[in-house]
Amino acid sequence: MTTKLKKSGKYKKFVNIIYILFYFFLVVGIVAMSTLLFNKYYYITFYIDGQSMYPTLNSQGTETLPAKRKDFGIVDEHRSAVNKIKRFDIVTTYYPGDYDGNGELLENAEKKIKRAIGLPGETISTDGREIYINGTILKLLYTPGTGSLAYTAPTSLQDDEYFLIGDNWGHSSDSTNPGNGPIKKEWITGVFIATEGTCILEINEEGKKIATDFKYHWPIFYKR
């Protein structure tokens, strides 16, 4: 009788462990699936080509030797996100040259990814390794590349304008270039939320970029 009780107790303990493991993996699976679906239908996947945001993005390469593998992540393209852009947010955008004379987006226009530095209503200027906001040196909350910023005369931003700068100073086409200048809010398409992994970008027969060989990592989120 005692032996049967012992066996029965061990059996129940074993069954309880199985149930715990089952529910644990069930919850993990549901969370993982929900996250994938949320990312797919709520956010936009963005592939980062180029080194203009080095060393923050595509840091597996260098300024002079771009990496073969590129970072990719998710972008919130809801206007509610764009309406709440704060300093140091990473955003995706088009440039003035991406539009024709009628203000229509050109067919071959590609989104750029930069960091919001100057905000509407501010006066911004740059000089070598310093950025000035309303005449005061800006304390950076990120690590830029080793290059130098081009000189930018004090520029007053309108209520709908942002001054965008790539993290790879001196190696980025951004608002410091006279041909771009301040970027209008309507040209900004979204806010970059997090990187999710790396991939290889290739050009297909139609001349379009396609992403292959995905390698995922734990998401790296950028504070807003």
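Data overview
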quantity: Net length gained if the chain between Leu138 and Phe25 were fully extended (0.36 nm per residue, minus Cα distance); calculated: 36.0 nm
quantity: Between 0 and 90°, nearest 10: helix 2-42 axis offset from the chain longest Cα axis; calculated: 20 degrees
quantity: Net charge of Cβ neighbours under 15 Å - reference Arg129; Lys, Arg +1; Asp, Glu -1; calculated: -2
quantity: Inter-probe distance in nm under a simple model that places probes 7 Å from Cα toward Cβ, at Glu202 and Asp160; calculated: 4.3 nm
quantity: Karplus 3J(HN,Hα) series, Hz, for segment 147-161 with 6.51 cos²θ - 1.76 cosθ + 1.60 (x for Gly, Pro); calculated: x, 10, 6, 5, 5, 10, 5, x, 10, 8, 8, 6, 5, 10, 10
quantity: Simple spin-label estimate for Thr45 and Lys12 in nanometres, 7 Å along Cα-Cβ; calculated: 4.9 nm
quantity: Pairs beyond 22 Å (Cα-Cα), from Lys68/Lys185; Lys111/Lys184; Lys68/Lys112; Lys86/Lys184; Lys68/Lys184; calculated: Lys68/Lys185; Lys68/Lys184
quantity: Inter-site label distance for Arg87 and Asp213 at 7 Å from Cα along Cβ, in nm; calculated: 4.1 nm
quantity: Ranked packing of 196-204, 128-136, most packed first, by mean Cβ within 10 Å; calculated: 196-204, 128-136
quantity: Options Ala150, Ile220, Ser80, ranked by Cα towards positive dipole end of the chain, top entry (Cβ charges); calculated: Ile220
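Here, each number is a calculation from the coordinates, and none is a lab measurement. The structure presented is a predicted model; accordingly, all values stated were derived computationally and were not measured. Don't worry about glycine lacking a Cβ; one is built from the backbone with ideal geometry, like all the others, and counts go over all protein chains shown.
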